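Below you'll find the structure, written out as structure tokens, and then a few comments.
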Amino acid sequence: MKKKRYPQLADVHSYYNNLLHFKSNKDYLKQQFPCRLTAIYLQQLNLLYQSVIKDDDLITELTEIITYALGKMKGTIEGGTAL
């Protein structure tokens, strides 16, 4: 029988919330940069914008890691609260 050590559920929940806040702040910051108008749809009264800045490789990889970690942490939190 294997014994595994698990972090305290409160710590995992705290890390999960920190990652959620980081991700939402990153998205908010990205929205604050200027955008380029790419299309105008007069019939729908809609304007289409494209972001001027793009994430570099480091930020893209960091976002992928955060997305992966959030999924794993959510499963851990749900499993821990079910006990």
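Read the figures in this text as sums done on the coordinates, not as results from a lab. What you see is a predicted model, and the numbers here were worked out from it, not measured in a lab. Positions of Cβ are backbone-derived with ideal geometry, glycine not excepted, and every protein chain shown enters the neighbour counts.
Straight distance only, please: which aspartates and glutamates reach the Cα of residue 72 with their own Cα at less than 17 Å, same-chain residues fewer than 8 apart left out?
11, 61, 64
If you line up the long axis of helix 57-82 against the longest principal axis of the chain, both from Cα atoms, how many degrees apart are they, to the nearest 10?
That helix lies at roughly 40 degrees to the long axis.
Quick check: the angle from helix 9-32's long axis to the longest principal axis of the chain, C-alpha only, nearest 10 degrees?
10 degrees
Can you tell me, using C-alpha contacts under 8 Å and at least 6 residues apart, the relative contact order of region 9-82 as a whole percent?
Value for region 9-82: 37 percent.
Ranked by Cβ crowding within 10 angstrom, fewest neighbours first, how are 33, 22 ordered?
33, 22
Looking only at trypsin sites (Lys or Arg not before Pro) in DSSP loops with at most 10 other Cβ atoms within 10 Å, what is the longest site-free stretch of the chain?
Longest stretch, sites excluded: 6-53.
If the cut-off is 13 Å between C-alpha atoms, which aspartates and glutamates fall inside it for residue 30, apart from same-chain ones fewer than 8 positions away?
55, 56
Relative to the compact-globule scaling 2.2 N^0.38 Å, provide the ratio for the alpha-carbon radius of gyration of the chain.
In units of the 2.2 N^0.38 Å rule of thumb, it is 1.64.
Would you calculate, for the chain, the mean residue ellipticity at 222 nm contributed by helices, counting each DSSP H stretch of 4 or more residues as -39,500 (n - 2.57) and dividing by all residues, to the nearest 500?
-21500 deg cm²/dmol
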